[in-house]
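Taking it in order: structure first as structure tokens, then the write-up.
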Amino acid sequence: MGKFIVIEGLDGSGKTTQTALLADYLRKKGKVRELSFPRYGEKSCSLVEMYLGGELGNDPDDTNGYAASCFFAADRYVSYVSDWKRDYEDPDCTVLATRYTTSNAYHQLSKLPEDKWDGFLGWIFDFEFTKLGLPRPDSVILLSMDPSLSAGNVKSRSAETGQKMDIHEKDAEYLLRSYKAATFAAEKCGWNKIECAPNGKMLERSEIFNMIKTSLNI
């Protein structure tokens, strides 16, 4: 099997930028398949879009974490069996994903009391990787920063592009909870945590990318 690498982080943390930089770098060495979840516009993503668009409630907590996780899992399952399974099974191909099961492992985890966090992580990984048969990542990179900074980046992006913010991005308190849950999940699961703004100021893209390369030993 080829390597499967996932880049995670709160909205506005620079996941898309760093995924693109890593993909370009890895293509110098071999074949790369890029993925991004959720797959907006696809049939399998319809429940995710209803949820994030506020059709099931304008508060993220209106949809419990187990139900919401199933929406995202269905999209990942359909994409895997119909699209990128062959790339994953190619020993010469590196699969690189922006967000994956690991996103639910903190976004939806944050909806639960902390004494339920271990149980939720066990459930979601067993559900997707064992019962659904989705592949486990070889490496997970978590781009970490203060949620107030990531929220500011999202607002700036929305103002510049006209892209509407979803119910996660609009909720500052939810983003704070997700940040705490992501820190817990990273430590519990052994993810590579990259501090993108260690002194309250965002590092340059190149600095963050060099830290990612170092964490992956590439």
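Numbers below:
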| read-out | value |
| --- | --- |
| Test: D11 is touching a helix residue (DSSP H, G or I) at 6+ places or on another chain (Cβ under 6 Å) and either in contact (Cβ under 8 Å) with a residue 12 or more places away in the chain or of a type in the set (V, I, T) (or both) | yes |
| Within region 190-199, considering residues that are out of contact with any Ser or Thr (no Cβ under 7 Å at 6 or more places or on another chain) and surrounded by 15 or more Cβ atoms within 10 Å (Cβ to Cβ), the one modelled with the lowest pLDDT | A197 |
| Test set (1) of a type in the set (A, V, I, L, M, F, W, C); (2) over 23 Å from A23 (Cα atoms); (3) at pLDDT below 95 - A185 fails condition number | (3) |
| Subset of region 3-54 [hydroxyl-bearing (S, T, Y), open to solvent by less than 50 Å² (accessible area, probe 1.4 Å) and in contact with an Asp or Glu (Cβ under 9 Å, 6 or more places away or on another chain)] | T19, S44, Y51 |
| Among (1) modelled with pLDDT of 90 or more; (2) open to solvent by 20 Å² or more (accessible area, probe 1.4 Å); (3) of a type outside the set (K, R); (4) within 19 Å of the chain's Cα centre (by Cα), the one test that E204 misses | (4) |
| Residue identified as over 14 Å from Y174 (Cα atoms), open to solvent by 70 Å² or more (accessible area, probe 1.4 Å) and at pLDDT 95 or above among Y77, Y100 | Y77 |
| Subset of region 207-218 [open to solvent by 40 Å² or more (accessible area, probe 1.4 Å) and in contact with a helix residue (DSSP H, G or I) (Cβ under 8 Å, 6 or more places away or on another chain)] | K213, I218 |
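The values are calculated or read from the model by the stated rules, or taken from the named source; none is laboratory data. Note that the structure is a prediction, hence the values are computed from the model and not measured. Glycine gets a Cβ as well: all are built from the backbone with ideal geometry, and neighbour counts include every protein chain shown. Surface accessibility is based on the protein's heavy atoms, side chains included, excluding ligands, DNA and RNA. Shrake-Rupley method; radii C 1.70, N 1.55, O 1.52, S 1.80 Å.
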